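For reference, the structure discussed in these notes is given below.
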Amino acid sequence: MKVHKLFQRMRFGIFALFGLIVLSTSLLCIRTVDTELSAEYAANSESIAKTIADASVDILLNRNLATLQSLIDQFLEVQGIRYIYITDETGEFLAHTFVPGIPEVILESDPFRTEPVERSLPGMGDFLEVSSPILAGVAGTVHLGMDLDLVALKIQRAIGQQVYLISILLVVGILASIWLVNLVARPLAALLAYAVETARRPPEERALVVADEKLLERDDEVGQLARLILYMSRTRPPSDPEALPDPGAARSAA
Amino acid sequence: MHSSCAAALLAPWARLANAALAAGDGVSSGAGSAAAPGRQAPNRGAAGDGIVLGTSAAFTGPSRGLGNELYRGAMAYFRQINDSGGINGRQITLKLYDDGYQPDPCVQNTLKLMLEDQVFLLFGYVGTPTVTRVLPMLKKFQEEQIYMFFPFTGAQPQREPPYGDFAFNLRASYRQETAGLVENFLATGRRRIAVFYQADAYGRSGWAGVRAALENHGETIAGEATYQRGSRFTGTMRAQVEILQRAAPDAVICVGAYAACAAFARDAIDLGLRVPIANLSFVGSENLVNLLSEGRDDPETYTRWLVNSQVVPSYEDESVPAVREYRELMARHNPQIPEQFLDDPYSPLPQSFVSLEGFVNAKLMCEIFRRFDGAPVRAGLEEAVFSIRDFDLGIGEQVSFGPERRQGLQRVYYTVVEDGRFVPLTDWNALPA
């Protein structure tokens, strides 16, 4: 349909605009969800590490390591936390949750470090380790490993859900735009067909071309054009081309 | 959740639970005054014609042998007492729940026992990770004065503040067991001691005992490896063995349950780690040996490396009066596992260290109840226990309790396997190298 060509640019523009919206929204969403969820997990882990550190003071001072182990075992049930270990003021490991043993990477790390650090433990995965000093560090340090793979999975799932929703909106938007464009294109095509049919006939037969009543009854620009063509087909053309009506006057008449 | 009243002890405990204690009941003169002044603790579970004790233990799962045998040993004595008229005419009933050796079910079971079943006291719990989680509940409900008696664990939390006041222990502690093992190993030149332990409070308790004992001699733990609680014999412990092999230990002390420790011993010997492998009393010695020897051409392939510490004398030693009594009553009553726990098949052992411990636990429990004139009262329990001084349980060691002594027995026994049986270890130098 030649008339559709008229809308190809518009259609491309709509697609491009929707695509841009989806892309930018998705990127913003990914960045926001990634940043926010990562920060939330890290903040939760730091809170838990601090809670353990605060709860450990008396237990450590009493050297009650079984209770200390029981305490960290309970926190290990929190989703995302894969390991916890507690070192004393000399750096000795007093309690931990590693099976079958403390990984070399951990054994060789600085037990007094309290800044978050990303670790890759062979056979276990990638972790964000957060730490909290016990009694300002003079009684030891709690270290807690948050499973980055699990966090990444959670983030991916959250992003996936958002992108899924945006994609549905994109498809609905595109289908709606196609429908709307077609809505405009269809009467234009009818008008074009009418105009072509009229043009094909000799001037004296043009008045015989039957226009679609619906086309002539439209109260929009297409209807006005159809009625203009009908008027022109029924008006005998002047022998002197100079006598043709001024196009500006025709636009006014339309 | 499984629950049961012991079949032969069908006192109508529901009625008992709702019965009120007669106000004038108290302890005998031997126990001093009955209740502490000003303490009006409720006394449910011990009135009328019965005393209801509450138990949460491992009756199913990989450690079910421990809960089952401890229960069977206790029941052998309780049945005998009930058959002969009970304590001051009162029958003793056990209200049982299975926790599978897992802390969370144990906490739920304990809440039921205390709040719904309203048992008189808690008796015969199994395990450190379970008991350590229950102790804070006893403190929370301290106004109810519910005590825990004779848990099957040698860990420190129920022996020390802040929870020591809510429990009474009979057996020696893991600290004592590990100290004895370490000192004997060091005395025979085995200075590099490694630890294989359960990754929980029990394992940590044993680990801490080994660490402290070594520290006293200027030594440190040579190597350590852990396993997940609930591991089965069919699983592999090769990773743990490889970790310990790198430490080149002279001996390994295992702090675990029988299934995992048997798997470790098997893999250690198979991989060439041929050093004495010591186990604590909690392990469940007979089940350990059965797993390691059953169906093998040479049943001592693995068991010859075992050294097990025990907190009761050998059940084979009939020169011990309590052992004779235990063997006789086990044979007479042959207590069975309640049916609701038999979904997980289990073959009871004729005798075992665990059931002997359950037996002496029950024997001392009954002695404590005897210290009351009428119905035992919670408020008088502590003083009744403290009235036990130099009491002869018949195991060759006097039992004493007091405000500063909440553990009755102190002795640790060391055994090795010969002809499939545990016999006393008399010469530490004779251990295989």
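Check segment B:304-321 and report whether any residue there is part of a helix (DSSP H, G or I), out of contact with any strand residue (DSSP E or B) (no Cβ under 7 Å at 6 or more places or on another chain) and outside the structural domain of B:Y227 (by TED's automatic domain parsing). Walk me through how you get there before you give the answer.
Residues of segment B:304-321 that are part of a helix (DSSP H, G or I), as a first pass: B:321.
Cutting the leftovers down to out of contact with any strand residue (DSSP E or B) (no Cβ under 7 Å at 6 or more places or on another chain) gives us B:321.
After this cut, where a residue has to be outside the structural domain of B:Y227 (by TED's automatic domain parsing) as well, the list is B:321.
Yes, because at least one residue in segment B:304-321 is part of a helix (DSSP H, G or I), out of contact with any strand residue (DSSP E or B) (no Cβ under 7 Å at 6 or more places or on another chain) and outside the structural domain of B:Y227 (by TED's automatic domain parsing).
In segment B:193-233, which residues are in a helix (DSSP H, G or I) and away from chain A (no Cβ under 11 Å)?
Taking segment B:193-233 as the starting set, the residues that turn out to be in a helix (DSSP H, G or I) are B:201-216.
Answer for segment B:193-233, where residues must be in a helix (DSSP H, G or I) and away from chain A (no Cβ under 11 Å): B:V210, B:A213, B:L214, B:N216.
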Within segment B:260-290, tally of residues that are surrounded by 24 or more Cβ atoms within 10 Å (Cβ to Cβ), modelled with pLDDT of 95 or more and out of contact with any strand residue (DSSP E or B) (no Cβ under 9 Å at 6 or more places or on another chain): 1
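Quick check on my filter: what residues within segment A:61-77 are modelled with pLDDT of 90 or more and closer than 15 Å to A:D147 by Cβ?
To start, the set of residues in segment A:61-77 that are modelled with pLDDT of 90 or more comprises A:65-76.
If the condition is that a residue be modelled with pLDDT of 90 or more and closer than 15 Å to A:D147 by Cβ, then A:F75, A:L76 are the ones that fit.
A quick yes/no check of all residues on (1) surrounded by 13 or more Cβ atoms within 10 Å (Cβ to Cβ); (2) touching a strand residue (DSSP E or B) at 6+ places or on another chain (Cβ under 6 Å); (3) acidic (D, E):
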residue	(1), (2), (3)
B:V399	yes, yes, no
B:G402	no, no, no
B:Y414	yes, yes, no
B:D419	no, no, yes
B:A433	no, no, no
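Could you pull out the residue among A:I166, A:I178 that is β-branched (V, I, T), touching a helix residue (DSSP H, G or I) at 6+ places or on another chain (Cβ under 6 Å) and either modelled with pLDDT under 85 or not in a strand (DSSP E or B) (or both)?
Details: A:I178 fails: touching a helix residue (DSSP H, G or I) at 6+ places or on another chain (Cβ under 6 Å).
Criteria check complete, one pass: A:I166.
Please work out if B:R332 is over 19 Å from B:L53 (Cβ atoms), surrounded by 18 or more Cβ atoms within 10 Å (Cβ to Cβ) and modelled with pLDDT of 95 or more.
Numbers: over 19 Å from B:L53 (Cβ atoms): yes; surrounded by 18 or more Cβ atoms within 10 Å (Cβ to Cβ): no; modelled with pLDDT of 95 or more: yes.
When the stated conditions are applied, B:R332 does not pass them.
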Filtered residue count, segment B:138-194, keeping only those that are out of contact with any Ser or Thr (no Cβ under 7 Å at 6 or more places or on another chain), closer than 20 Å to B:E357 by Cβ and of a type in the set (A, V, I, L, M): 5
Where B:R274 falls short, out of the listed (1) without any contact (Cβ under 8 Å) to a residue 60 or more places away in the chain; (2) more than 27 Å from the chain's Cα centre (by Cα); (3) more than 21 Å from B:R211 (Cα to Cα): (1)
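Please determine whether any residue of segment A:145-156 is in a loop (DSSP other than H, G, I, E, B), surrounded by fewer than 21 Cβ atoms within 10 Å (Cβ to Cβ) and away from chain B (no Cβ under 13 Å). Before you say what the answer is, go through the steps one by one.
If we filter segment A:145-156 for residues that are in a loop (DSSP other than H, G, I, E, B), which is where we start, we get none.
So far as segment A:145-156 goes, no, none of its residues is in a loop (DSSP other than H, G, I, E, B), surrounded by fewer than 21 Cβ atoms within 10 Å (Cβ to Cβ) and away from chain B (no Cβ under 13 Å).
Can you pull out every residue in segment B:401-414 that is closer than 26 Å to B:E318 by Cβ and outside any strand (DSSP E or B)? Steps first, answer last, please.
Residues of segment B:401-414 closer than 26 Å to B:E318 by Cβ: B:408-414.
Scanning segment B:401-414 gives B:G408, B:L409, B:Q410, B:R411, B:V412.
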Residues being away from chain A (no Cβ under 14 Å) and of a type in the set (V, I, T) - total across segment B:100-156: 4
Hits in segment A:61-93 - residues which are within 11 Å of chain B (Cβ to nearest Cβ), free of Cβ contacts under 8 Å to residues at least 60 places away in the same chain and not in a helix (DSSP H, G or I): A:N62, A:R63, A:N64, A:L76, A:E77, A:I86, A:E92, A:F93
Tally, over segment A:12-55, of residues that are surrounded by 12 or more Cβ atoms within 10 Å (Cβ to Cβ), among the hydroxyl-bearing types (S, T, Y) and free of Cβ contacts under 8 Å to residues at least 40 places away in the same chain: 3
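Kindly indicate whether B:Q91 is part of a loop (DSSP other than H, G, I, E, B), over 21 Å from the mean Cα position of the chain (by Cα), crowded, with 18+ Cβ neighbours inside 10 Å and not assigned by TED's automatic domain parsing to the domain that holds B:A199. Show your work before the answer.
Details: part of a loop (DSSP other than H, G, I, E, B): no; over 21 Å from the mean Cα position of the chain (by Cα): yes; crowded, with 18+ Cβ neighbours inside 10 Å: yes; not assigned by TED's automatic domain parsing to the domain that holds B:A199: yes.
Judged against the criteria, B:Q91 is not a match.
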B:P162, sole failed condition from (1) surrounded by fewer than 22 Cβ atoms within 10 Å (Cβ to Cβ); (2) within 11 Å of chain A (Cβ to nearest Cβ); (3) modelled with pLDDT of 95 or more: (3)
Residue identified as of a type in the set (K, R) and in contact (Cβ under 8 Å) with a residue 12 or more places away in the chain among A:R119, A:R157, A:R186, A:R200: A:R119
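For B:S314, are the conditions met, namely being within 30 Å of B:R191 (Cβ to Cβ) and either within 23 Å of the chain's Cα centre (by Cα) or not small (G, A, S) (or both)?
On the way: within 30 Å of B:R191 (Cβ to Cβ): yes; either within 23 Å of the chain's Cα centre (by Cα) or not small (G, A, S) (or both): yes.
Yes; evaluated as a whole, the condition is true for this residue.
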Subset tally (residues that are within 14 Å of another protein chain (Cβ to nearest Cβ) and either aromatic (F, W, Y) or out of contact with any strand residue (DSSP E or B) (no Cβ under 7 Å at 6 or more places or on another chain) (or both)) for segment B:167-192: 2
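Here are B:I388, B:I395: which of them is surrounded by 17 or more Cβ atoms within 10 Å (Cβ to Cβ), free of Cβ contacts under 8 Å to residues at least 60 places away in the same chain, part of a loop (DSSP other than H, G, I, E, B) and in the same structural domain as B:Q80 (by TED's automatic domain parsing)? Can you show your working first?
On the way: B:I395 fails: free of Cβ contacts under 8 Å to residues at least 60 places away in the same chain.
Unique residue meeting the criteria: B:I388.
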Qualifying positions in segment B:234-250 - in a helix (DSSP H, G or I) and either in contact (Cβ under 8 Å) with a residue 24 or more places away in the chain or facing chain A (nearest Cβ under 9 Å) (or both): B:R238, B:A239, B:Q240, B:V241, B:E242, B:I243, B:L244, B:Q245
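Return the only residue of B:S347, B:S293, B:S314 being surrounded by fewer than 16 Cβ atoms within 10 Å (Cβ to Cβ) and either at positive phi or of a type in the set (S, T, N, Q) (or both). Talk me through it step by step, then tell me what you get.
Details: B:S293 fails: surrounded by fewer than 16 Cβ atoms within 10 Å (Cβ to Cβ); B:S314 fails: surrounded by fewer than 16 Cβ atoms within 10 Å (Cβ to Cβ).
B:S347 is the lone residue from the list that is surrounded by fewer than 16 Cβ atoms within 10 Å (Cβ to Cβ) and either at positive phi or of a type in the set (S, T, N, Q) (or both).
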Unmet requirement for B:N109, which otherwise passes all of (1) surrounded by fewer than 24 Cβ atoms within 10 Å (Cβ to Cβ); (2) under 20 Å from B:F59 (Cβ atoms): (1)
When residues of segment A:31-60 are limited to those that are out of contact with any strand residue (DSSP E or B) (no Cβ under 8 Å at 6 or more places or on another chain) and within 14 Å of another protein chain (Cβ to nearest Cβ), the one modelled with the highest pLDDT: A:A55
Residue tally, condition within 13 Å of the chain's Cα centre (by Cα) and of a type outside the set (D, E, K, R), over segment B:168-205: 7
Close pairs from segment B:68-86: first without any contact (Cβ under 8 Å) to a residue 60 or more places away in the chain, partner crowded, with 20+ Cβ neighbours inside 10 Å, Cβ under 8 Å, at least 6 apart: B:G86/B:G50; B:G86/B:I92
Matching residues in segment A:72-108 - criterion: being surrounded by fewer than 21 Cβ atoms within 10 Å (Cβ to Cβ) and within 15 Å of A:T51 (Cα to Cα): A:Q74, A:F75, A:L76, A:E77, A:V78
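The values are calculated or read from the model by the stated rules, or taken from the named source; none is laboratory data. In this text, all values refer to a predicted model and were calculated from it rather than measured experimentally. All Cβ positions, even for glycine, are placed from backbone atoms using ideal geometry, and neighbour counts span all protein chains on display.
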